[in-house]
Amino acid sequence: MPALFLLLCFGLLQGCRYPQDVEGTLDTVRGGVLDVGVTENPPWVIRSGDNAQGLEPEIVRSLADQLNADVRWHWGSESQLLRALKRFQLDLVIGGIAKNKWISMAAAPTKPYVKVRSTVGFPEGQAVPESLDGMTVGVSAVNHLAKALSDQGAVPEIRDEPQQPNGAFAGPGWWLRAHGYEPGPFKLTTDKHVMLLPKGENAWMMAVEEHLNSLSGLERRLQQLEAEL
């Protein structure tokens, strides 16, 4: 009986120590094919025919190289890809996705691998005010910054994305630098970017997060890619 008890305890410890996959994703991907759902969101993901370019495809390719795997891209809307992920038809979903509670209900997000702060940028040589109160600040037509600007007393103004710096403009720091703006000290939002995995694939999650944790210079790379668009 004591020997049996020790064996049971050892088995439990082994199970706790080594994460397992419900569907064996890591074992299937290693030396095989990595099926990745992609939705276009430049410069995070840039579509080139059926191929994928941009920051996150670069990250995925380097992960696949480590695992001796080929990458197979599957294009679709975020909702289509999440349904496929839930059915284990995909191993990973990317698209410049920021973590939110709805995403966490539908999939298993990685820990945020890059946190992007949005602020107000100013053309070179323009004085930076102490506050945004009463200042007109440009924003893209599709944005999530207007409320944060209003909360700080600024007046959001929809503008076409400028080819040359023109007045104050709100956006992520890397985007502002790519377009010739100098980011100011004002904190509007912080987006925590993640990749999405099927739920229950714990060994696969560990492998992906270990790779993401090894990365650096991601905002600088985003800036380079944006400037090339």
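The values are calculated or read from the model by the stated rules, or taken from the named source; none is laboratory data. Everything numeric in this text was worked out from a predicted model, so none of it was measured. Reconstructed Cβ throughout: ideal geometry from the backbone, glycine too, with neighbour counts over all protein chains shown. Note: areas computed on protein heavy atoms with side chains; ligands, DNA, RNA excluded. Shrake-Rupley method; radii C 1.70, N 1.55, O 1.52, S 1.80 Å.
Miscellaneous remarks
- Largest mean-square fluctuation among 119, 190, 110, in a Gaussian network model of the chain whose springs join Cα atoms under 10 Å apart, belongs to 190.
- Take residue 22: with every protein chain present and a 1.4 Å probe, its accessible area is about 100 Å².
- Theoretical FRET efficiency, 1/(1+(r/R0)^6), r = Cβ-Cβ of residue 144 and residue 224, R0 25 Å, to 0.05: 0.60
- Just the protein heavy atoms count here, and of the accessible area of segment 127-229 at 1.4 Å, carbon and sulfur take up 47 percent.
- Helix-only CD estimate at 222 nm, as mean residue ellipticity for the chain, using -39500 (n - 2.57) per DSSP H run (n ≥ 4): -10500 deg cm²/dmol
- In the context of the full set of protein chains, the chain has a per residue accessible area of 55 Å² (1.4 Å probe).
- For the chain, DSSP calls about 60 percent of its internal beta bridges antiparallel.
- Other residues within the sphere of radius under 9 Å centred on the Cβ of residue 91, judged by their own Cβ, net out at -2 (K and R +1, D and E -1).
- When the square roots of the Cα gyration tensor eigenvalues are ordered a ≥ b ≥ c, the ratio a/c for segment 107-229 is 1.5 or more and a/b exceeds b/c, which makes its shape prolate.
- For segment 13-103, the fraction of 1.4 Å probe accessible surface lying on carbon and sulfur atoms is 45 percent.
- Secondary structure note: in segment 15-90, about 40% of the DSSP beta bridges are antiparallel.
- Pairwise Lys count, segment 74-205 - Cα closer than 13 Å, eight or more residues apart or different chains: 9
- Among 201, 161, 209: highest mean-square fluctuation, GNM of the chain, C-alpha pairs under 10 Å: 161
- Heavy-atom SASA rank of 195, 135, 206 (probe 1.4 Å, accessible area, largest first): 206, 135, 195
- Among (1) 36, 19, 13; (2) 41, 20, 15; (3) 27, 20, 18, the entry derived from the coordinates for semi-axes √(5λ) of the Cα gyration tensor in Å: (2)
- Cβ-based net charge around residue 177, under 15 Å, with every Lys or Arg adding one and every Asp or Glu removing one: -3
- Between residue 206 and residue 136, the contour length at 0.36 nm per residue exceeds the alpha carbon distance by 20.7 nm.
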